Structures are given as structure tokens and as C-alpha cells.
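Remarks on the structure that follows.
The values are calculated or read from the model by the stated rules, or taken from the named source; none is laboratory data. A quick note: this is a predicted structure, and the numbers were derived from the prediction, not measured. Using ideal geometry, Cβ is built from the backbone for each residue, glycine included, and neighbour counts are taken over all protein chains shown.
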């Protein structure tokens with residue numbers, strides 16, 4: 001204490017010093033002004049005491065100046081001490097201590113809260129790297145190991161861009177690859193001289209290529225396979241022998257020459273794999289595992305060694321939309337996770353965001369997931385990073401679903417150029433016509449949550465019919481035109497197992513009423529009068545069958561009409577009930593020629609229509625009088641609307657640029673119009689630094 005240095009110092013000065021140095025924050029001085037006040041008081045008392053011990057100023061022959069109120073704190077401290085004997089080394093030390101304490105109290109920051117004690121996240125530096133239009137969306141991308149180049153693909157081919165100058169070079173697709181195939185890149189080789197690329201041809205056939213960035217011609221590496229990245233030491237490639245399947249169910253590793261392949265991991269028929277990445281040391285692989293249970297998907301990020309063993313779960317995300325991941329050199333895994341539909345109330349805007357989690361050498365998590373971004377309304381895909389981990393690039397995409405209206409001609413087999421019916425920044429799709437053919441029922445997110453709207457063919461904006469906090473979608477009209485049927489999703493983050501509900505409201509409007517509950521629905525359809533049939537297509541509990549069940553809009557669920565075995569290698573996304581209720585059509589994707597299977601509902605024989613030259617159709621609706629179908633086909637270059645006759649011959653009705661998304665056509669009851677759903681995808685590459 002100061003008294004040990006200067007035993008003759010005032011007791012009050014020692015108290016001031018002790019209070020300033022008190023460890024308890026609540027007890028010590030809170031502000032420099034408090035110290036100043038106590039020091040001024042001590043100085044005043046010291047002056048007063050000294051005046052009582054000396055003669056008057058006149059007798060002593062001395063003059064005393066009034067104390068200067070503007071004196072600094074250090075001057076006051078020195079003044080107090082100088083009133084007591086001669087200065088010494090001890091007094092100098094005490095002055096230094098007090099001056100330092102005054103400065104500390106004056107300038108010390110407030111006590112941090114518990115939240116601020118954690119390391120504050122670095123500010124993200126975000127930069128857009130490509131500027132493609134919606135007619136020319138970016139399909140894949142990867143940054144070079146040295147962080148100087150961006151490789152990306154779009155309908156024109158694979159581009160190489162020097163980031164410092166924005167100079168570009170185009171690598172067109174090799175001869176022999178059809179224009180309808182997707183020519184995309186996966187990753188760079190570690191030496192920065194080659195790219196690993198993939199080709200997805202019509203019908204689902206896939207093959208792997210290497211593309212030299214130093215002038216050599218592209219080289220096919222392996223048939224019937226899809227690449228997932230080159231090992232950090234540049235000696236091996238992870239891939240999946242997809243063949244024509246829609247989803248990867250196996251991970252293999254081969255040499256960079258394409259030989260010496262060996263299986264690492266395989267999953268069951270109701271599971272699939274994606275986002276496959278190498279660990280920084282090349283001894284493990286990380287992947288997203290999708291477990292398909294009925295109409296839901298449970299997802300997780302796992303890692304495994306190169307023998308497929310030691311498979312810890314890194315992130316478990318039931319039904320949350322894990323999209324992609326990247327394993328950084330420092331051990332972190334960054335991944336994309338999308339907000340669930342019931343959390344954002346709008347399935348047209350997935351709400352994807354970037355997260356990260358630490359991983360140890362055994363491939364197990366070393367901490368808890370941490371959110372990196374706070375974005376909304378966009379899809380994120382294609383994560384890649386520079387070798388030092390300082391630059392992360394990805395594709396940021398947004399989708400818009402708009403409604404167009406075209407006039408049919410020649411019995412519905414041709415169409416005049418359509419006009420746009422909806423014209424705003426929201427999304428909406430037509431799913432039913434009113435019986436008089438004067439208005440459409442739309443499934444739209446224009447009020448911030450997915451709801452049911454009605455729009456006349458001469459109106460500019462739709463009017464709401466059903467808007468609820470829940471997700472309401474897929475309006476259909478009952479066969480007699482008396483009821484509007486729609487699906488309401490009650491699932492929440494707190495109750496993900498809640499069933500969905502099929503609801504009804506009168507055509508004239510009113511309070512929604514329950515028709516029945518469903519957990520695994522795919523589609524709801526109704527015939528048109530004089531037929532009366534309505535059906536719901538659902539996935540069985542074990543996920544192995546599709547069940548077509550009749551229902552009554554008032555009485556609810558009826559009997560099962562047909563069961564259809566599912567092929568786990570293909571998807572069944574498009575279906576339609578004939579207008580007379582006699583047949584149900586289902587298309588199966590992932591085939592060179594799309595097959596539309598026709599199931600009889602009146603005891604007749606089943607049949608099949610093969611759509612010639614147009615794989616993987618989107619949207620499926622019967623033409624009037626069951627004389628064909630309206631459907632769409634999507635390629636890297638175009639969205640195409642087709643009329644398909646009963647023999648499978650396809651005629652192009654309309655075509656617009658903007659690969660991706662989907663397109664479909666719904667005929668009006670009077671046969672005059674076709675309501676068209678047209679998807680436009682805006683996709684570009686972005687980069688972030690500082691995370």
C-alpha cells in the first residue's frame with residue numbers, strides 16, 4: 001500500500017488509492033469524476049489545515065494564491081503530497097500510481113456482456129463474380145486453388161475468368177455431347193492446370209471429363225459415372241457410378257487416370273448421397289446422407305474413412321434442406337442449410353444460409369454449428385474454396401414462377417404466342433380453372449405466405465381466396481365445380497410430425513372445412529362433370545408404393561383404387577387424372593424417352609406412351625377429350641412447352657430461354673386457352689471473405 005512508501009501520507013489519500021484499485025467493480029470508482037471530486041476535497045482540507053498552523057499572510061510576509069480549479073488531476077495529486085515534507089522517490093511512485101488510475105477509470109471500456117466475451121465474428125466481405133441474366137443462368141462454379149481464377153458453366157459452356165481483370169476464356173462442349181446435355185464442372189485439380197467436369201445427357205446417362213486450362217483438348221475420363229472431386233494430393237478422384245439413376249447411392253474412389261477403382265460406401269434403396277468432399281489430409285470423405293421416408297427426407301452430414309468405416313454424424317438436420325458442403329484446410333466444414341417451409345411460410349424462397357462446424361482428425365464434430373450468413377429468399381449451391389481457405393465461392397439463385405396465357409388453335413394442338421398474365425416480383429402457378437373458363441385459381445406467395453388466389457383472364461392482379469399463417473397450396477376444383485380443394489400444411493419446427501390437411505371452401509367463398517388428413521401426399525386431382533371422381537396420390541408408409549385413393553369433397557377418404565410399385569432408381573413427380581375419370585397418368589423421370597404410364601380406373605387394360613426425343617418432362621395435364629397431353633421439357637438452353645399426341649409424337653407449342661425450373665400447361669374447360677406456368681431462374685456466382 002502507499003503508506004509503506006510514505007508513512008506520512010494522509011489517510012484519506014490512501015483510502016482514495018485503495019478504492020480506485022478495488023477488485024470488486026461495484027465497490028471501486030465508477031467514473032473519473034468521482035476520483036477528481038475526492039482529490040479536490042482532500043486538497044481543500046489539506047490547505048485549510050495548513051492555514052490554521054501558520055501566521056496570517058501579512059505577518060509572514062508571504063502571498064498565497066487561490067487554488068486553480070482548472071488544475072489537472074495529476075497536479076492535484078502532486079499538490080496534496082507536497083504539503084507533507086519533502087518529495088521522495090516514494091511520493092513520485094504514489095503520484096504515478098494515482099495518475100495511471102485516473103486515466104484507467106476515465107478511459108476503461110464498460111464491462112462486456114456474456115455475449116460480447118465471445119469472439120466477435122469477422123465482417124463478411126461479399127462480392128459478385130458473374131452477371132448472367134435469367135436467360136443464361138450459371139449452372140456450376142469453382143474457384144482455383146490459388147484463388148485467382150473462377151471456372152463456371154452456363155448454357156454456352158465452361159468459362160475461365162481471371163478475377164483481377166475479369167478476362168474470360170470459353171471452353172465449348174466437346175463434339176459428340178448433345179446440346180440438350182448439361183456440361184458442368186465439379187472441381188479443380190490441386191495443381192490448378194485441369195478441371196474435373198461432368199456431362200449429364202438426355203435420359204440420365206452421365207460421364208466424367210477432364211478439361212485442361214493450358215490448351216489441351218478435353219478428355220473423357222469415365223463412362224457411366226459422376227465425379228465429386230479430386231483428392232488434395234491430386235492422386236485420386238471420388239465418384240459415383242450413377243448410370244442413369246437420379247440419385248447417387250454409392251461412393252467410389254479411383255486414380256486420376258480413371259482406373260484402380262474401389263467402392264468406399266453404399267446406402268440403401270431409400271437413401272441417397274450428395275455433397276461429397278475430401279478431408280484436408282485426403283484420408284476421409286464427408287457427404288450428405290438423405291433418408292427418404294414416405295414423403296419426407298431426413299438429412300445428415302457424415303464422414304467416413306476410405307474403407308467406408310468410422311462414420312460419425314456431424315450434423316443431423318431432419319427435413320431442413322442440406323444442400324452442399326465444403327471441408328476447409330483448417331478442419332471446418334461449411335455447409336448450406338435451408339429454412340423449412342413452415343418456418344418461412346414460402347416454399348418459393350428456400351431461405352438457404354451458410355453454416356460452419358469444427359471437425360477433428362477423426363471426422364467428428366469439435367463444436368456446435370455456427371451460422372455464417374443471415375440471408376433470405378435465395379438458394380445456395382456449389383461451394384468451393386481457395387487452397388488457403390480465405391475465399392469461398394458459391395452460386396446464389398432465385399426462382400420466379402409466372403403465369404402466361406396462350407390461345408389454342410387446331411383443336412388444341414397448336415398455340416398462338418402467349419401473353420404474360422401475372423406481372424410482379426412474386427411467384428404464382430396456375431393449378432385450376434373456374435368452370436366458366438374466365439378465371440384461374442393460383443397458388444402464390446404474393447402476401448408473404450403461400451396462399452390461394454383467383455385471377456380473371458382480363459385482370460391485372462389476383463384476389464385472395466385463402467390466406468392463413470399455414471402453408472396453403474395446390475388449389476383444385478371439385479368435379480361439379482362447387483368446391484375449391486387445397487392442401488394446408490400444419491407442420492412446424494416444434495411439431496414436424498403433424499399431418500397435412502386437405503381442405504375445402506365453397507366456390508363462392510367461406511370458411512375452410514376439413515376433408516381429410518394426409519401425411520405423404522404427392523398430388524390431388526378431380527375429373528370434370530358429368531364425371532364425379534376425385535383422387536389423392538400418396539406414398540405408402542414404407543415408401544415402396546404409390547397409392548391412388550378416391551375421396552369425396554364432403555365425406556372424405558374413400559377406397560384405394562390402385563397401388564403402384566416404386567422403382568427406387570427413378571422419380572415419379574408428374575401425374576394427372578383424365579377429365580372423364582377413367583385413367584390416371586404418371587410419368588417417370590431419368591429415361592432417354594420419357595414414359596407416361598396410363599393406369600385404368602374402370603377395369604380396362606393399362607397402357608404406355610413414350611414421348612419421343614424429350615426426356616424428363618415437367619408438368620403433366622390431359623388435353624381435352626383425352627386426345628393427348630400438355631407437358632414441358634427443360635434443357636440447359638430452353639424451357640419448352642409441348643403437345644404430345646396419343647402415340648408419343650411431340651409438337652413444340654412455345655419455347656423460351658432460361659434453363660432450369662419448369663414449365664407446364666393447363667387447358668381451360670372450353671378449350672380456348674392454355675394457362676402456362678413458366679419458371680425463370682436467376683443464378684450467379686458470389687464470393688465471401690473474412691469468416
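If the condition is being part of a loop (DSSP other than H, G, I, E, B) and either more than 22 Å from residue 394 (Cα to Cα) or at pLDDT below 95 (or both), then the stretch 168-190 contributes 172, 173, 174, 175, 176, 177, 178, 179, 180, 181.
Each row is one residue, and each column tells you yes or no for (1) surrounded by fewer than 21 Cβ atoms within 10 Å (Cβ to Cβ); (2) over 28 Å from the mean Cα position of the chain (by Cα); (3) more than 19 Å from residue 363 (Cβ to Cβ).
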residue	(1), (2), (3)
229	no, no, no
233	yes, yes, no
259	yes, yes, yes
288	no, no, no
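Exactly one condition in (1) outside the structural domain of residue 513 (by TED's automatic domain parsing); (2) in contact with a strand residue (DSSP E or B) (Cβ under 6 Å, 6 or more places away or on another chain); (3) in contact (Cβ under 8 Å) with a residue 40 or more places away in the chain; (4) crowded, with 21+ Cβ neighbours inside 10 Å is not met by residue 616; state its number. Failing condition for residue 616: (2).
Note on the stretch 581-597: residues that are at pLDDT 95 or above and either in a loop (DSSP other than H, G, I, E, B) or over 36 Å from the mean Cα position of the chain (by Cα) (or both) amount to 3. Would you confirm, using the coordinates I've provided, whether residue 302 is more than 17 Å from residue 228 (Cα to Cα) and surrounded by 16 or more Cβ atoms within 10 Å (Cβ to Cβ)? Taking the combined requirement at face value, the residue does not satisfy it. The set of residues in the stretch 415-437 being surrounded by 15 or more Cβ atoms within 10 Å (Cβ to Cβ) and at pLDDT 85 or above consists of 415, 418, 421, 422, 429, 430, 431, 432, 433, 434, 435, 437.
The set of residues in the stretch 451-464 being modelled with pLDDT under 90 and crowded, with 20+ Cβ neighbours inside 10 Å consists of 451, 462.
Looking across 405, 440, one residue alone is at pLDDT 95 or above, under 26 Å from residue 488 (Cβ atoms) and either over 26 Å from the mean Cα position of the chain (by Cα) or not in a strand (DSSP E or B) (or both). It is 440. Just to be sure before I move on: is residue 588 free of Cβ contacts under 8 Å to residues at least 40 places away in the same chain, over 30 Å from residue 156 (Cβ atoms) and surrounded by 18 or more Cβ atoms within 10 Å (Cβ to Cβ) in the structure I sent? The answer is yes for residue 588. Checked against (1) touching a residue at least 40 places away in the same chain (Cβ under 8 Å); (2) out of contact with any helix residue (DSSP H, G or I) (no Cβ under 7 Å at 6 or more places or on another chain); (3) surrounded by 16 or more Cβ atoms within 10 Å (Cβ to Cβ), residue 627 passes all but condition (3). The lone criterion from (1) farther than 29 Å from residue 300 by Cα; (2) surrounded by fewer than 16 Cβ atoms within 10 Å (Cβ to Cβ) left unmet by residue 221 is number (2).
Could you list, in sequence order, the residues of the stretch 527-539 that are surrounded by fewer than 16 Cβ atoms within 10 Å (Cβ to Cβ) and more than 7 Å from residue 479 (Cβ to Cβ)? 530, the sole residue that qualifies. Filtering the stretch 377-390 down to residues that are under 17 Å from residue 336 (Cβ atoms) and modelled with pLDDT of 95 or more, which residue is farthest from the chain's Cα centre (by Cα)? Filtering first and then ranking leaves 385.
Looking only at residues of the stretch 548-579 that are part of a loop (DSSP other than H, G, I, E, B) and modelled with pLDDT of 95 or more, we find that the one that is surrounded by the fewest Cβ atoms within 10 Å (Cβ to Cβ) is 555. The residue list 398, 468, 449 contains one member that is within 26 Å of the chain's Cα centre (by Cα), at negative phi and assigned by TED's automatic domain parsing to the domain that holds residue 334, which is 398. Quick one: would you say residue 124 is outside the structural domain of residue 250 (by TED's automatic domain parsing), modelled with pLDDT under 90 and touching a strand residue (DSSP E or B) at 6+ places or on another chain (Cβ under 6 Å)? Judged against the criteria, residue 124 is a match.
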